Amino acid sequence: MKLRAGLLLVLFSGTFLFAQNTKDFVAPNENLIAENIPSLPRSLTEKLKTYTESRSATVSAVHPNGKELIMVTRFGSTNQLHKISQAMGMRKQLTFFNEPVNFASYEPVNGDYLVYSKDIGGNEFGQLFKLDLKTMESKLLTDGGRTQNGGVTWLKDGSGFYFTSTKRNGGDRDIYFMNPFKPEETKLVYEMKGGGWSIGDISGDGKQLIIQNYISANESQIYLLDTSAKKLQPITNINEKSIVQRSARFSGNPGEIWFVTDRDNEFARLAKMNLKTKKISYITSAIPWEVSGYELSDDKSKLVFETNEAGLNKLYIMNTNGTSYTAVPNLPTGLIGNFEFTKDGKSLFFSQSTYDSSSDIYRLDVNSLKTERWTESEQGELQKSDMSEPRFIEWKSFDGLKISGFLYPASKKFTGKRPVLINIHGGPEGQSMASSLGANNYFTNEMGVTLIYPNVRGSSGFGKKFIAMDNGFLRMNSVKDIGALLDWIALQPDLDKDRIMIMGGSYGGFMTLATAYEYADKIRCSVDIVGISDFNTFLKNTEDYRRDLRRVEYGDERDPKMSAFFTKIAPLHNTDKIKKPMFIIQGTNDPRVPVTEAIQMRDKLKAQGNTVWYLEAKNEGHGFRKKENSDFQRLAVIKFMEEYLLK
């Protein structure tokens, strides 16, 4: 068959269609596998561009001189490392890779070079590199294979660092030491069993490491490793179960550590422990919310900590010689992260975002508590008036449990009952927070769709009982929380119960698939992004270093009763109940939820005649990180919504 020049033949639902002139629509790039997705008008690309050209900036490392820092931002396809030396100053890009770079650490004495991490195609096998800041030459430090390497923890004199790696067998995360000038002499310090180990801190003399073992979202333990004797001893009682004990740091007092724990409390508190007596002093008991992170100054005299208060962050500062703390004043309501003291302890750099701005970097003067803005990331053509402001909502689930989330209303320029997109987070112990919608403001401002981000049972940030309420055989109770949300929507005078779309990624993808078969009569369509279609096959095929960690949360597929339960609830085995159109999106190199989870779901839906769109990126993993891929994904989702939600 011959085609006239300028025409493209599009495969849609197994038939050939003549499309418009190629200049009028967007074709998938060479790394995308697109099935059943109709042609996407280029006019839509131009309209969407207003919403997709914004950037963000986050702190990655502060120079030892305290006067410059490394930040992560995007000026091309992917996030890269940039240097900035003054408030609102010029940014100098340092890395220029096709793959994103999201982490860097300065050599701690002179800051002459960086150690950074980069993977390939989203496979999450991060390799460590040394970047000489004088010659700008990068050198691979690790093996370059299918291993994970990270947790860089420097000796104070900068002569080398400890790090974790799975290179011994791919499943266990061991402790190594490296001199970055002699990477070939890297030494195995201690063999671990399991994939949840990480380095928390290093003593001033470099002879002791605090090592942490993440067992599940409900349990973690703290150990002390003597690096000379190669002796590992527990700090916490490893026979005690279901207690979170994490983020441990050496304090300024010998034989004492700071850490965060939910021991004897519903929420994780900042605490100190005497290592000899095991006596614990709780610092933040008066705050009825979770301490989600903290940082100590280099001399251990000052500490900042952050609380997560129902999806919003607050920042507090204290002198460590006492127990009183002060909220940092005049910070806009939003999300805070990536905070790091300068070496002299006089300043703190941190990142903050609000609903109407993406993440930017600020400097806090520790003495005056005044903040100074260091970056102002471009929002593209997006105006603040175009950005939807989140509203906290609550509803009761089937068992009377109160569930909450954030609702982003459709623009007021739209009248009548508005269609709804429910976007479910992953984890499952993730949390939807009151963040900026970013490019998703297109849905509210251009399509008149109201967005709801629920925090179903199992989400973090609401206490240890809540986070455990979906474990094992309780899995489907979280799906019932979405069922209760559908009922809540039906009672809202401004929302359209007959036009609801479900979307979610990773575990949120499982929730999307499960909702699609449990509540097929109450939704219009669904979008599954890197979702689990069968926990049996997922646990069999996920990477070795993750398998045991996920079994604690989901259940052990080797147990016949649990395996039978997985089969019963698997979306893959309930496709006969799925009646509405579905869009499946997946990265080929996903180490967490393997591509086979998407393929088997797609193939079964196709075989029974369902409407199913499919998009796979050959150079992505657990979600799309490259702008050209995420832009096409967004265009396709908009087209899918136009076809099956809005009509």
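The values are calculated or read from the model by the stated rules, or taken from the named source; none is laboratory data. Since the structure is predicted, the reported quantities are computational estimates derived from the model, not experimental observations. Neighbour counts run over all protein chains shown; Cβ positions are idealised from the backbone, glycine included.
Odds and ends about this structure:
- Checklist (1) at pLDDT 95 or above; (2) more than 30 Å from Leu225 (Cβ to Cβ) applied to Phe75, failing item: (1)
Residue by residue, here is whether (1) hydrophobic (A, V, I, L, M, F, W, C); (2) surrounded by 19 or more Cβ atoms within 10 Å (Cβ to Cβ) holds:
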residue: Ile211; (1), (2): yes, yes
residue: Asn218; (1), (2): no, no
residue: Gln221; (1), (2): no, yes
residue: Ala229; (1), (2): yes, no
residue: Glu240; (1), (2): no, no
residue: Met273; (1), (2): yes, yes
residue: Glu290; (1), (2): no, yes
residue: Lys302; (1), (2): no, yes
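- Scope the stretch 132-161; condition aromatic (Phe, Trp, Tyr) and within 19 Å of Gly121 (Cα to Cα); matching residues: none
- Filter pass, Ala61 being modelled with pLDDT of 95 or more and either part of a loop (DSSP other than H, G, I, E, B) or small (Gly, Ala, Ser) (or both): yes
- Residue within the stretch 49-57 that is in a strand (DSSP E or B) and not assigned by TED's automatic domain parsing to the domain that holds Tyr442 present: no
- Among the conditions (1) without any contact (Cβ under 8 Å) to a residue 60 or more places away in the chain; (2) in a loop (DSSP other than H, G, I, E, B); (3) hydroxyl-bearing (Ser, Thr, Tyr); (4) under 22 Å from Ser358 (Cα atoms), the only one that Thr444 does not satisfy is (2).
- For the stretch 31-90, a residue qualifies if it is touching a Gly at 6+ places or on another chain (Cβ under 6 Å) and small (Gly, Ala, Ser), and exactly one does: Ser54.
- Residue match in the stretch 434-441 (condition: under 26 Å from Glu266 (Cβ atoms), surrounded by fewer than 24 Cβ atoms within 10 Å (Cβ to Cβ) and touching a Leu at 6+ places or on another chain (Cβ under 6 Å)): yes
- Filter pass, Ala598 being crowded, with 21+ Cβ neighbours inside 10 Å, over 20 Å from Ala516 (Cβ atoms) and either out of contact with any Gly (no Cβ under 6 Å at 6 or more places or on another chain) or modelled with pLDDT of 95 or more (or both): no
- Odd one out for Asn239 among (1) part of a loop (DSSP other than H, G, I, E, B); (2) within 26 Å of the chain's Cα centre (by Cα): (2)
- Identification of strands (runs of 3 or more DSSP E) wholly contained in the stretch 126-235 with 2 or more residues that are within 21 Å of His63 (Cβ to Cβ) and without any contact (Cβ under 8 Å) to a residue 40 or more places away in the chain yields 127-132.
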